[in-house]
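Inspection log for the structure reproduced underneath, given as structure tokens.
The values are calculated or read from the model by the stated rules, or taken from the named source; none is laboratory data. All of these numbers come straight from a predicted model, not from anything done at the bench. In this analysis, Cβ positions are derived from the backbone assuming ideal geometry, glycine residues included, and neighbour counts consider all displayed protein chains.
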Amino acid sequence: MRSTAPRAATPRRYLMCPPAHFRVTYSINPWMDPGKPVDLPLALAQWEDLRDRYLALGHTVEELEPRRELPDMVFAANGATVVDGRVLGARFAHPERAEEAAVHAAWFRAQGYTDVLEPEHINEGEGDFAVTASWLLAGRGFRSSPLSHPEAQEFFGRPVIGLDLVDPRYYHLDTALCVLDDTTDGEIMYYPGAFSAGSREVLRRLFPDALVATEEDAAALGLNAVSDGRHVLLPQAAVGLFEPLRARGYEPIGMDLGELLKGGGSVKCCTQELRA
Ligand SMILES: CN(C)C(=N)NCCC[C@H](N)C(=O)O
């Protein structure tokens, strides 16, 4: 029987970017409708709530200066992937976000990171890379190039497991899969419908005990979640995930990021993890 003992949280360091200039003026994913108005003060309040929740849980939050000409910068998870203090920069698929990559790379250099790779191939940071204890799970199909996978493997020296995304609503890996406990290779939650048949089989083989999300919870972007090993911050509308998480010893914390959902992102998209 699976243990329901409370899990242990570990302190994290996150990089976030306030949505001071967030707006939806173009559409590069099916969630974005430039016809729908964004309530900017509400978006800011929702984002601050998320940041403050991290701080209250004892985590550190670094803030990136938002740029007026880059309305999607609030989705900071896309700007890089950091593991063991090594920074794999991003290269965006769409010209609308291209300049964000340099902003992130400059921030890391200014912070004293020395191992910063500006990649040759398209990768959208933690949008498509998820880190377990020893692997890098890597999405492809809509944004990150399959060629970014060997590039990441070479840079981090970790085995990369490529996963094919097939449903445009789940255009990034982190809209369909979340690592719950990164001290093991076994604890994830995911939505099978986002993946090709072969990738579903890979996930079943590697993660036989995974929490499998329903279509309804996935459609609420419930997998776009952040776990510190114990607390799982996730969109509050993904109600079906709360009990299964509790049954595994996690403490789900529902967040309302409804305004940012209009850009196609939620909790995880707003949160880049700085791993040492
Ligand atoms: C989890 N992450 C990082 C994301 N899924 N990012 C959301 C990006 C949204 C943006 N409008 C875009 O389409 O690129």
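Points to keep in mind about this one:
- Breaking point among (1) in a strand (DSSP E or B); (2) farther than 25 Å from residue 100 by Cβ; (3) small (Gly, Ala, Ser), for residue 138: (2)
- Hey, residue 106 over 13 Å from residue 271 (Cβ atoms) and at pLDDT 95 or above or not: yes
- Of all residues in the range 192-216, exactly one satisfies the criterion of being crowded, with 16+ Cβ neighbours inside 10 Å, within 23 Å of residue 7 (Cα to Cα) and not aliphatic (A, V, I, L, M), namely 207.
- The residues of the range 234-251 that are crowded, with 21+ Cβ neighbours inside 10 Å and out of contact with any Pro (no Cβ under 8 Å at 6 or more places or on another chain), listed by number, are 235, 238, 250.
- Residues that are away from the ligand (no atom under 16 Å from the Cβ) and assigned to a strand (DSSP E or B) were ranked within the range 141-166; the one that is nearest to residue 200 (Cα to Cα) is 164.
- Any chance residue 186 is modelled with pLDDT under 95 and either away from the ligand (no atom under 15 Å from the Cβ) or among the aliphatic types (A, V, I, L, M) (or both): yes
- Failed item in (1) acidic (Asp, Glu); (2) under 14 Å from the mean Cα position of the chain (by Cα); (3) within 16 Å of the ligand (Cβ to nearest atom), with residue 259 passing the rest: (2)
Let's see how each residue does on (1) under 18 Å from the mean Cα position of the chain (by Cα); (2) in a helix (DSSP H, G or I):
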{"residue": "102", "(1), (2)": "no, yes"}
{"residue": "108", "(1), (2)": "no, yes"}
{"residue": "113", "(1), (2)": "no, no"}
{"residue": "130", "(1), (2)": "yes, no"}
{"residue": "180", "(1), (2)": "yes, no"}
{"residue": "184", "(1), (2)": "no, no"}
{"residue": "201", "(1), (2)": "no, yes"}
{"residue": "208", "(1), (2)": "no, no"}
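- Qualifying residue in the range 125-147 (condition: surrounded by fewer than 17 Cβ atoms within 10 Å (Cβ to Cβ) and without any contact (Cβ under 8 Å) to a residue 24 or more places away in the chain): yes
- Per-region count, the range 256-266, residues in a helix (DSSP H, G or I) and more than 23 Å from residue 167 (Cα to Cα): 0
- Among the residues of the range 27-82, those that are more than 16 Å from the chain's Cα centre (by Cα), outside any helix (DSSP H, G or I) and polar (S, T, N, Q) comprise 27, 60.
- Against the test of being within 11 Å of the ligand (Cβ to nearest atom) and either surrounded by 13 or more Cβ atoms within 10 Å (Cβ to Cβ) or among the aromatic types (Phe, Trp, Tyr) (or both), the options 73, 16 yield a single qualifying residue, 73.
To keep it simple, each residue is scored yes or no on (1) assigned to a strand (DSSP E or B); (2) under 21 Å from residue 6 (Cα atoms).
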{"residue": "218", "(1), (2)": "no, no"}
{"residue": "229", "(1), (2)": "no, yes"}
{"residue": "234", "(1), (2)": "yes, yes"}
{"residue": "240", "(1), (2)": "no, yes"}
{"residue": "243", "(1), (2)": "no, yes"}
{"residue": "249", "(1), (2)": "no, yes"}
{"residue": "254", "(1), (2)": "yes, yes"}
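- Among the candidates 240, 222, residue that is farther than 22 Å from residue 11 by Cβ, within 14 Å of the ligand (Cβ to nearest atom) and of a type outside the set (Phe, Trp, Tyr): 222
- Of the residues screened, residue 106 is one that is free of Cβ contacts under 8 Å to residues at least 24 places away in the same chain, away from the ligand (no atom under 16 Å from the Cβ) and either surrounded by fewer than 21 Cβ atoms within 10 Å (Cβ to Cβ) or over 23 Å from residue 177 (Cα atoms) (or both).
- Some residue of the range 88-95 being surrounded by fewer than 16 Cβ atoms within 10 Å (Cβ to Cβ) and within 11 Å of the ligand (Cβ to nearest atom): yes
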